[in-house]
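Asker: Pasting a structure here, questions to come.
The values are calculated or read from the model by the stated rules, or taken from the named source; none is laboratory data. Keep in mind the model is a prediction, meaning the values are calculated, not measured. Quick reminder, even Gly has a Cβ in these numbers, built from the backbone with ideal geometry, and neighbours come from all protein chains shown.
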Amino acid sequence: MNSPAKLTALTAALALMLTACGGNDDTDNDTPDEVEGSESQPQREDATGEGFGDTSALSEVDVNMSDEQNPEVMVYSPLEVDEESAYVVNQGEGDEIHPNAILEVSSAAVDPEDGNIIQHDYDSGQSGLVFLPSLEGDDANTAIYDALTLPELRVGADVLIYAPAEEPEETDEDTPEELQMPSQDQFILLTIEEQTMPHAEGEVQEQSGDLPAIENTVGERPQLQEHDGDTEAPEELATEVLIQGEGREVEESDMVLAHYTGWRWEDGEVFDDSWESEDGSFPQPREFSLQQVIGGWTEGLAGQNVGSRVLLVIPAEDAYGEAENEDGTTADGRPGGALIFVVDIVEALPMPEQPQQQAPEMDLSEEEMAELEEMLREMEEQQGGNPEAENENPEPESNEE
């Protein structure tokens, strides 16, 4: 997969594009109908023309991709569509879309009047991630869910989606005009780039017998089999691959999408589990930075392959610490002692680089520079010769009550 940027809420991966369709963006279009110096490559001629709503109106729209992989949408006359509609431009030639999949989706917000591309992410390497089950039943994304789950779609598909403006709600007469946000027609192009299953995928491995036995089935919640908590836990981090994935190696600085179950070594009780689902649908993987988790996770998952299921047995010093309370928790109420985790590495994504902010250049005259230096000297004198004296050696906040 590329390096999708929208991770915090998988279900809202297309929110930016939907907002852009209804917004007032005066920026120049980065992808005009004709790209200078390149010839548009027409889409394959295997488009089914399937969809829902007013497919006949959307069938009059042409979609091409330039050599630079920028979308071009030709609207020959303003669209007049009064219902949510979708039209399959290209059904794709990859795998069938699985109803529980995480989809990597490139998107473009299109002006329905003239086909002008308002904004898109096709050439950015930052496509959106969409967890399909989380869209089901979401009134705000009904058209998107219905379009992405059309039975004829496969990976590689291109779909046009149109949602007409909603009837305006009654507003208070005292509401300022600039706060009255009228609904706008929404017209977007989606391309399903890839799909990932929300669990480990690969070949099941036979356990060595040195670590706790795990009931291990692809796509199902792992189960800790009979475990004797009186046995001595490993003194150092111990890992074992239960399902061998074939994705890239995870790095210590990555963001990971994962499913996991955690048990306490001493009694085999579950203390944390991402596989729980209140409505019975397949649960959404959790998101973590490997720089913001316990040391056993960082060390144990780095170097593993995406798609793998990994058993971690983590000593207290690499977890939350020793148990101090009668219920087996630490002083701050976390599970104490050695811990057992089984982690499905669904995806790993490099942390986006933060642009370095450079101080603005100051074009000052000699007189202005002298005044600035004098002002800084006065500030230093007022603070006892050290501008940061009040902030030296601050006391850390204590977790003790």
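Asker: In the stretch 77-98, how many are closer than 13 Å to Gly156 by Cα and surrounded by fewer than 19 Cβ atoms within 10 Å (Cβ to Cβ)? First the steps, then the outcome.
Answerer: The first filter runs over the stretch 77-98 and keeps only residues closer than 13 Å to Gly156 by Cα, leaving 88-97.
Of the ones still in play, those that are also surrounded by fewer than 19 Cβ atoms within 10 Å (Cβ to Cβ) are 93-96.
Final tally of qualifying residues: 4.
Asker: Within the stretch 30-71, how many residues turn out to be within 17 Å of Asp114 (Cα to Cα), modelled with pLDDT under 80, surrounded by 15 or more Cβ atoms within 10 Å (Cβ to Cβ) and not β-branched (Val, Ile, Thr)?
Answerer: Adding up the residues that qualify gives 1.
Asker: How many residues, within the stretch 56-76, are without any contact (Cβ under 8 Å) to a residue 24 or more places away in the chain and either in a loop (DSSP other than H, G, I, E, B) or β-branched (Val, Ile, Thr) (or both)?
Answerer: Of the residues in that region, 2 qualify.
Asker: Determine whether the stretch 284-300 contains at least one residue that is without any contact (Cβ under 8 Å) to a residue 12 or more places away in the chain, within 28 Å of Ser134 (Cα to Cα) and in the same structural domain as Ala319 (by TED's automatic domain parsing).
Answerer: Within the stretch 284-300, one or more residues are without any contact (Cβ under 8 Å) to a residue 12 or more places away in the chain, within 28 Å of Ser134 (Cα to Cα) and in the same structural domain as Ala319 (by TED's automatic domain parsing).
Asker: Which residue pairs have Cβ atoms under 7 Å apart, sit 6 or more places apart or on different chains, and have a first residue in the stretch 247-271 that is closer than 13 Å to Val343 by Cα and not assigned by TED's automatic domain parsing to the domain that holds Arg221 and a second that is modelled with pLDDT under 95 and part of a loop (DSSP other than H, G, I, E, B)?
Answerer: Correct list of pairs: empty, since none qualify.
Asker: Of everything in the stretch 242-271 that's surrounded by 18 or more Cβ atoms within 10 Å (Cβ to Cβ) and among the small types (Gly, Ala, Ser), which residue is nearest to Asn100 (Cα to Cα)?
Answerer: Here the answer is Ala258.
Asker: Answer with yes or no whether Val343 is under 20 Å from the mean Cα position of the chain (by Cα) and surrounded by fewer than 15 Cβ atoms within 10 Å (Cβ to Cβ). Break it down stepwise before answering.
Answerer: Working: under 20 Å from the mean Cα position of the chain (by Cα): yes; surrounded by fewer than 15 Cβ atoms within 10 Å (Cβ to Cβ): no.
In short, no.
Asker: Does Asp174 fit the bill of being exposed (fewer than 11 other Cβ atoms within 10 Å of the Cβ) and either at pLDDT 90 or above or over 22 Å from the mean Cα position of the chain (by Cα) (or both)? Even if it seems obvious, please write down each step before you answer.
Answerer: Values: exposed (fewer than 11 other Cβ atoms within 10 Å of the Cβ): yes; either at pLDDT 90 or above or over 22 Å from the mean Cα position of the chain (by Cα) (or both): yes.
Taking the combined requirement at face value, the residue satisfies it.
Asker: Which one of these is of a type outside the set (Phe, Trp, Tyr), surrounded by fewer than 17 Cβ atoms within 10 Å (Cβ to Cβ) and either in contact with an Asp or Glu (Cβ under 8 Å, 6 or more places away or on another chain) or without any contact (Cβ under 8 Å) to a residue 60 or more places away in the chain (or both): Ser281, Ser274? Lay out the reasoning, then the answer.
Answerer: On the way: Ser274 fails: surrounded by fewer than 17 Cβ atoms within 10 Å (Cβ to Cβ).
Going through Ser281, Ser274 in turn, the sole match is Ser281.
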